[in-house]
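Please treat every number below as a calculation from the coordinates, not as lab data. From a predicted model like this one, the values you see are computed outputs, not experimental measurements. So basically every Cβ, Gly included, is an ideal-geometry build from the backbone, and we count neighbours across all protein chains shown.
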Amino acid sequence: MLLFLSILKLLLEIALLSLVGQGMLFLLAGERRDRNFFYQLLQILTRPFTAVARRLTPRLVADRHVPFVAFFVLLLSWAVVTFEKIRLCVSVGMVGCR
């Protein structure tokens, strides 16, 4: 169970950092961001999470706000997984949690 929570936490962290990086490049690259290789790479990494966020949000939410929704859903998921990992480590007496 600890291994599963650790892997899930790592995947959530990668997704969160990819969204942060995409947001930074959005601000720095300006209009030419769609031709930026790293922006495209980060878009590919975050596409599954933004697609889920698009399905969760009503159509009234603009497409440009969907990455923000995805970020906060991922952040909430990361917090839940982190607290569960802490709870598990405390319940087993910190064995294997170092």
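Filtering segment 56-69 to residues that are under 13 Å from residue 22 (Cα atoms) and under 11 Å from the mean Cα position of the chain (by Cα) leaves 67, 68. Would you be able to say whether some residue in segment 78-89 is surrounded by 14 or more Cβ atoms within 10 Å (Cβ to Cβ), under 10 Å from the mean Cα position of the chain (by Cα), part of a helix (DSSP H, G or I) and not charged (D, E, K, R)? There is at least one residue in segment 78-89 that is surrounded by 14 or more Cβ atoms within 10 Å (Cβ to Cβ), under 10 Å from the mean Cα position of the chain (by Cα), part of a helix (DSSP H, G or I) and not charged (D, E, K, R). Taking segment 22-48 as the range and being closer than 22 Å to residue 73 by Cβ and either without any contact (Cβ under 8 Å) to a residue 12 or more places away in the chain or touching a Pro at 6+ places or on another chain (Cβ under 9 Å) (or both) as the test, the residues that pass are 22, 23, 24, 26, 27, 41, 44, 46, 47, 48. Counting only residues that are of a type in the set (Phe, Trp, Tyr) and surrounded by fewer than 19 Cβ atoms within 10 Å (Cβ to Cβ), segment 40-74 holds 2 of them. One residue stands out among those in segment 9-55 that are more than 14 Å from the chain's Cα centre (by Cα) and of a type in the set (S, T, N, Q): the one that is farthest from residue 86 (Cα to Cα), which is 36.
Table: residues versus (1) of a type in the set (Asp, Glu); (2) in a helix (DSSP H, G or I); (3) touching a residue at least 12 places away in the same chain (Cβ under 8 Å).
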| site | (1), (2), (3) |
| --- | --- |
| 10 | no, yes, no |
| 13 | yes, yes, yes |
| 76 | no, yes, no |
| 93 | no, no, no |
